Amino acid sequence: MVKGNKGGKRIITKFYPLESKNNFTLLECELITGKTHQIRYSLHKNSTPIIGDRKYSKSKINYKKINLNSQALLAYKLVFGKIKDLNYLENKSFISKQVKEIERLKEEVFNEGFN
């Protein structure tokens, strides 16, 4: 749980490490609350920012080397629980078309590094 400031709204995100190498970790994130920038802010407050996040990270990584023009925060799957008045979405899941990009980035970061 992270609070941004006094009186800030509580945000809850569960993080599951899937793989780690060379000081980088591939995470699965489960949003319990749904606030703007929730994953980015939580990881920033934990001193583990997202690669390519120019708002919350002060990293000096060479992003051109790995062909990264944005932050490495990609949803690979969305799963809907119970949502009032949206019963047709209940228990539905959607897989991202960006799975290949996720795999490419993982290979470059974990196997080749940045510098």
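Conditions tested, residue by residue: (1) closer than 25 Å to N69 by Cβ; (2) of a type in the set (S, T, N, Q); (3) modelled with pLDDT under 85.
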{"site": "G7", "(1), (2), (3)": "no, no, yes"}
{"site": "K14", "(1), (2), (3)": "no, no, no"}
{"site": "L27", "(1), (2), (3)": "yes, no, no"}
{"site": "E30", "(1), (2), (3)": "no, no, no"}
{"site": "Y41", "(1), (2), (3)": "yes, no, no"}
{"site": "T48", "(1), (2), (3)": "yes, yes, no"}
{"site": "G52", "(1), (2), (3)": "yes, no, yes"}
{"site": "K55", "(1), (2), (3)": "yes, no, yes"}
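Being closer than 21 Å to V109 by Cβ, basic (K, R), at pLDDT 80 or above and in a loop (DSSP other than H, G, I, E, B) is a property that K60 lacks.
Within segment 89-100, residues that are surrounded by 10 or more Cβ atoms within 10 Å (Cβ to Cβ) reach partners that are aliphatic (A, V, I, L, M) with beta carbons closer than 6 Å, at six or more positions or on different chains, in the pairs L89/I83; F94/L78; S96/A75; Q98/L74. Annotation: of all residues in segment 68-115 being closer than 23 Å to H44 by Cα and among the polar types (S, T, N, Q), the one that is modelled with the lowest pLDDT is N115. Exposed (fewer than 12 other Cβ atoms within 10 Å of the Cβ) and at negative phi, is that true of K106? Here the answer is no, as K106 does not meet what is asked. Cβ separations smaller than 6 Å between residues 6+ apart or across chains give the following pairs from segment 28-46 residues that are closer than 11 Å to F15 by Cβ to residues that are basic (K, R): E30/K14.
Among the residues of segment 26-37, those identified as surrounded by 13 or more Cβ atoms within 10 Å (Cβ to Cβ) and either in a strand (DSSP E or B) or of a type in the set (K, R) (or both) are L26, L27, C29, L31, K35.
The values are calculated or read from the model by the stated rules, or taken from the named source; none is laboratory data. Just so it is clear, the structure is predicted and the values come from calculations on it, not from any experiment. For neighbour counting, all protein chains shown are included, and Cβ atoms are generated from backbone atoms with ideal geometry for every residue, glycine included.
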